[in-house]
Amino acid sequence: MGVPEAQSTGGYVPASVPTPDDIVVVEQSNAKPVAESMMTAPHPLKGNCLVASRDIKKGEVLLHSKMSNLTLTKHGSIADLEMRLQQEPDLKTKTDLLEHIIPILDGTLWEPKIDDPHCLFNHARPCNARHLNHYYSKDEWDTVAVKDISKGEEICIDYDDSSGYERRPAEQEHQLKGFVADYLKLLDNYGVEKRPSKLTLPPAKFQIDEWASVYDEVYGKPPVETDDAIMVQQKHVKIVSEAMNTAPHPLKGNCLYASRDIKKGEVLLHSNMSDLTLTNHGTVADLEKRLQQEPDLKAKTDLLEHIIPILDGTLWEPKLDDPHCLFNHARPCNARHLNNYYSKAEWDTVAVRDIPKGEEICIDYDDSSGYERRPVEQESQLKGFVADYLKLLDGYGVEKRPSKLTLPPAKFQVIDSSSSSLDNSQ
């Protein structure tokens, strides 16, 4: 997953990304040993990660790799790679493949065997490990720790030390404007980000908890909480209403947040279904035809992010320029659409608790969209067209199930860019 960097997206500062001190608790059954010093564990943002299973000293060899053992094939051109992608059955397998293809120093696009631990190293800058492979030009190499790594810390490399998406040796710098640039353009079309300057998540920290599965079963998986404020420049804040602004978030995209303290019960927005509706799609097949009108993958996934399977059995396509489309999900939420799953002609969105100034305003998708919970008389829809729609989303790598979306409401502070001071007036 790529997270925008401060200078490239206008307004983010380093404090806006998750801090290295946030610990991800993983149940023991989901931690898999890889080597004497490493295991894999799932992360809610990064997917499967390599983690130190003990304290590791700087200079230790973590893995020894051979190019011949790792190589599945090499593609001589972007066109060859595009032909290879057509062999994959759906979008998810295509993007999974692209996540691991590397433009190596000999000018080819290298396809490794993705079941090898070598493919599990995520990027971080600064990193704590390094492949000593000179951009995959060596027959074999060690991956070594470049600093002491604590037990439970994710083991990350810097992609530009080995894959070279934005930095290469002087004699191969021209490749950055040649086949590397062509490859990155292909990735953009599929919504895959691998530029190191865009991937700003630090190494994660994990704690293995053998009781986690019991806790989740009884209480439900709680969202990861953080007190870190997302700091944005004032010029990137847009006024939506007397009580709400929008601001960019490095993980969630554009967010609605409270521009003043809001009291429980306050009406935040009044919406009319007729004003919001662009069209209704009768079936998933109809929606798939609609998707073909979009020019690229990003436009398709942006559209899918907002399509909602509403109570009348249709797939509702709203007008994306309405503030209604900016509410993100959180559980517990702090606001609610009183629309009975989009069956009302008009409705209010209200605060369900006091919301302090600067806090993101979030709804619970299952209170209005109903991806995993519906009224008793419509529960059958969850196994019908709602399930079909979620399956379509899976094919495009879009996740909208509330149980999978565990980020809490964000907090925002506005920076007055003219004076570099924090401005609490917005």
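The values are calculated or read from the model by the stated rules, or taken from the named source; none is laboratory data. None of these values were measured; they are calculated from a predicted model. Every residue, glycine among them, receives a Cβ derived from its backbone with ideal geometry; neighbour counts consider all protein chains shown.
General observations
- Any chance Ser137 is part of a loop (DSSP other than H, G, I, E, B), assigned by TED's automatic domain parsing to the domain that holds Met38 and surrounded by fewer than 21 Cβ atoms within 10 Å (Cβ to Cβ): yes
- Matching residues, the range 248-293, being among the charged types (D, E, K, R) and at pLDDT 90 or above: Arg260, Asp261, Lys263, Lys264, Glu266, Asp275, Asp286, Glu288, Lys289, Arg290
- Some residue of the range 59-73 being assigned to a loop (DSSP other than H, G, I, E, B), out of contact with any Pro (no Cβ under 8 Å at 6 or more places or on another chain), in the same structural domain as Ile157 (by TED's automatic domain parsing) and loosely packed, with under 12 Cβ neighbours inside 10 Å: yes
- Residues of the range 73-131 classified as touching a strand residue (DSSP E or B) at 6+ places or on another chain (Cβ under 7 Å) and touching a residue at least 24 places away in the same chain (Cβ under 8 Å), total: 27
- Screening the candidates Glu346, Glu360 for the property of being at pLDDT 90 or above, more than 28 Å from the chain's Cα centre (by Cα) and under 25 Å from Asn272 (Cβ atoms) yields one hit, Glu346.
- Selected residue [surrounded by fewer than 15 Cβ atoms within 10 Å (Cβ to Cβ) and more than 20 Å from Val267 (Cβ to Cβ)] from Gly313, Gly370: Gly313
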